[in-house]
Amino acid sequence: MSVEAREARQPWILLSPALGAVTLLLLVPLIFIIVYSFWLRSAVGGDQVGFYLDNWQKVLTDRFYRDILFNTLKIAAITTVVCALMGYPAAYFIARSKGSKMILLLLLMLPFWISYIIRTMSWINILGTSGALNSLLLSLGVISDPIQMLYNEGTVILGLVHFLLPFMVLNVYVSLEGIDTNLEDAATSLGATRWQAFLQVTLPLSLPGLAAGGLLCFVLGAGTYITPVILGGPRDAMFANLVFEAIITQLNWPLGSALSLLLLIVLGVLVAIYNRYLGMSQLAKGLG
Amino acid sequence: MGWNAIRIWTILVYGFMFLPVAVVVLLSFNANQFGSFPMNGVSLRWFEELWNNDAVMRAFRTSIVLGLMTAVISTTLGVLASLALVRYNVPGRNTITTLLIAPILVPEVVLAVALLLFLNWLGLGKSFALLLAGHVIFTLPFVILVVQARLVSIKRDVEEAALSLGANPVQTFFSVTLPLMLPAVAAGALFAFTISFDDITGTLFWKPGGVETVPTQIFSMLRNSISPEINALGTVMIIMTVGLPLLGAAVARKLAMKSGT
């Protein structure tokens, strides 16, 4: 074999284990559940192999599934907007601050290292009937009996915002950091107020970061399973809870496949739109 | 004035991110027998109770073994792939990168379902092997992103110097490239371990009955209501997943300073 041919083969040898793993453990399984979603789980428990549209018909027309899907998307959308409103000014402060930038960035990385379930359950200590807030209000005499503040849609959104906010701040920060501050100064020296300079120069230039953060918040929020279980009430189930119910509790795997695929398609369309207009590189920047 | 408003806003945002977690740590040292406010003293009794709780200790062992195995496999695959992407002019680079980070783009529930049903169809039911396969595929993209970002900064000149001085490619890799890459490899491995150690959604789908990792153990304890023991377990987890990387970074900096002088 020639030297060039060997050179050309080397990267593929290095890549093959990782590509093999992604193919065998992600791509083929995804194709498999597409096929599986057209099978039927019979009443006795076995799978009926074939091409049945029953699962898809159920998933797409049953009001129960549709309502939960819309509710899930609504919760994810509210979470994303709240994250953007809370996170943007903070990211701006980090990007423009001089002395405290390093420590703020280091602190921003901390939540990524703290377990999701601990951050979620920590709110029970704050808002629970024997939590910090109730104890405070009781001792101040504002209330005479503890109030149940947990287990509703509001606390699910609160938990999601708490989980996803660092993703938003980090992505916006990365894009703000890449903007030349001279541009804003140039705008003000040409007569714009600082606020105008921000609205017309900095904000538009930081939109790619805002979009990347928003996409991450939305996709991760819409796919969440744990938060509604820990912080939501019985009526606050999200789509991933339906999937878990179908797969683990009811053992109806063909139906569970169709439900998972529906979630994948809905979120995949969003990712595809994002990719079409902004590309994946911005997302990789924020994650790295 | 505007700047001060942003500063206060930022402080509030950071407070929002950290206060609840700080309360978990605070309450885990609570002497009060219900583990709630008001705190009436500091005690280590909840940590002692954890130590004597067989289920919790078993969960710890499972999580650590799973995390270590995931880190080894995921880092090996990730480092090899990153080397190929950074060092070679691979045709279709962008497609390959997208493919390799695809496991992050697919919602974790969907990834969990697909892997569970496919491997089950192949005859591999819920088991430790399935759990390990799931954790590897889930952590791989993060390892690749972290390692790739660090590899870019290593200059190729050093390797070329070694090669031109007569070292063969294998010698060059082990005595030049690998030592230079070590921080990147360590960062990738640490990242994989932490993500595996913290994972819960996929784990709930893949774990065999009776096997618990620390997060699923906390999850099942939470069904009864929050107890000071859970807060203590949370504190231990925070120390592990935050303390270890900080310690690692400190050691790395010390080593770098020593070799620099």
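The values are calculated or read from the model by the stated rules, or taken from the named source; none is laboratory data. Here the structure is a predicted model, which is why all the values come from computation and not from measurement. FYI the Cβ positions are ideal-geometry reconstructions off the backbone, even for glycines, and counts take in every protein chain you see.
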Seminar exercise, completed: Exception for A:L259 within (1) crowded, with 23+ Cβ neighbours inside 10 Å; (2) among the hydrophobic types (A, V, I, L, M, F, W, C); (3) not in a helix (DSSP H, G or I) falls at (3)
Exercise. Can we say B:V185 is more than 10 Å from chain A (Cβ to nearest Cβ) and either out of contact with any Ser or Thr (no Cβ under 8 Å at 6 or more places or on another chain) or assigned to a loop (DSSP other than H, G, I, E, B) (or both)?
Worked result: no
Seminar exercise, completed: Counting only residues that are over 22 Å from A:C217 (Cα atoms) and either charged (D, E, K, R) or buried (at least 23 other Cβ atoms within 10 Å of the Cβ) (or both), the stretch B:86-119 contains a total of 5
Exercise. Can you find even one residue in the stretch B:198-217 that is in contact with a Leu (Cβ under 7 Å, 6 or more places away or on another chain), within 9 Å of another protein chain (Cβ to nearest Cβ), surrounded by fewer than 23 Cβ atoms within 10 Å (Cβ to Cβ) and in a helix (DSSP H, G or I)?
Worked result: yes
Exercise. Do any helices (runs of 4 or more DSSP H) entirely within the stretch A:1-120 hold 1 or more residues that are within 26 Å of A:T224 (Cβ to Cβ) and at pLDDT below 90, and if so, which?
Worked result: A:101-113
Problem set entry | Residue match in the stretch A:28-37 (condition: in contact with an Asp or Glu (Cβ under 9 Å, 6 or more places away or on another chain), within 14 Å of another protein chain (Cβ to nearest Cβ), surrounded by 13 or more Cβ atoms within 10 Å (Cβ to Cβ) and not charged (D, E, K, R)) | yes
Problem set entry | Residue ID - surrounded by the most Cβ atoms within 10 Å (Cβ to Cβ), chosen from residues in the stretch B:218-230 that are farther than 30 Å from B:L145 by Cβ and free of Cβ contacts under 8 Å to residues at least 24 places away in the same chain | B:I230
Problem set entry | Filtered residue count, the stretch A:121-141, keeping only those that are in a helix (DSSP H, G or I) and out of contact with any helix residue (DSSP H, G or I) (no Cβ under 7 Å at 6 or more places or on another chain) | 8
Problem set entry | Every residue from the stretch A:151-178 that is surrounded by fewer than 21 Cβ atoms within 10 Å (Cβ to Cβ) and either over 18 Å from A:A212 (Cβ atoms) or touching a residue at least 60 places away in the same chain (Cβ under 8 Å) (or both) | A:Y151, A:N152, A:E153, A:G154, A:E177
Exercise. Looking at the stretch A:96-129, which of its residues are facing chain B (nearest Cβ under 7 Å) and surrounded by fewer than 17 Cβ atoms within 10 Å (Cβ to Cβ)?
Worked result: A:L107
Exercise. What number goes with the only condition from (1) outside any helix (DSSP H, G or I); (2) of a type in the set (G, A, S); (3) surrounded by 15 or more Cβ atoms within 10 Å (Cβ to Cβ) that A:S144 does not pass?
Worked result: (3)
Exercise. Regarding B:F174, is this residue in contact (Cβ under 8 Å) with a residue 40 or more places away in the chain, part of a helix (DSSP H, G or I) and among the aromatic types (F, W, Y)?
Worked result: no
Seminar exercise, completed: Going through the stretch A:84-95 in order, the residues found to be touching a Leu at 6+ places or on another chain (Cβ under 6 Å) and more than 10 Å from every other protein chain (Cβ to nearest Cβ) are A:A95
Seminar exercise, completed: Of the candidates B:P245, B:P228, B:P183, B:P179, the one satisfying the condition of being in the same structural domain as B:V113 (by TED's automatic domain parsing), in contact with a Gly (Cβ under 6 Å, 6 or more places away or on another chain) and modelled with pLDDT under 90 is B:P228
Exercise. Residues of the stretch B:111-164 being farther than 20 Å from A:I248 by Cβ and among the small types (G, A, S), which ones?
Worked result: B:A149, B:S153, B:A161, B:A162, B:S164
For this session: Answer yes if at least one residue in the stretch B:158-165 is in a helix (DSSP H, G or I) and either facing chain A (nearest Cβ under 10 Å) or within 24 Å of A:F112 (Cα to Cα) (or both), and no otherwise.
Result: no
Problem set entry | Flag for B:V21 being at the interface with another protein chain (Cβ under 8 Å from one of its Cβ atoms) and in a helix (DSSP H, G or I) | yes
Seminar exercise, completed: The correct count of residues that are in contact (Cβ under 8 Å) with a residue 12 or more places away in the chain, closer than 17 Å to B:A192 by Cα and within 11 Å of chain A (Cβ to nearest Cβ) in the stretch B:231-261 is 6
Seminar exercise, completed: The number of residues in the stretch B:132-141 that are more than 7 Å from chain A (Cβ to nearest Cβ) and buried (at least 22 other Cβ atoms within 10 Å of the Cβ) is 5
Problem set entry | Residues of the stretch A:143-184 satisfying the condition of being of a type in the set (D, E) and under 24 Å from A:M102 (Cα atoms) | A:E177, A:D180, A:E184
Problem set entry | Residues (over 24 Å from the mean Cα position of the chain (by Cα) and within 7 Å of chain A (Cβ to nearest Cβ)) located in the stretch B:102-131 | B:L117, B:F118, B:W121
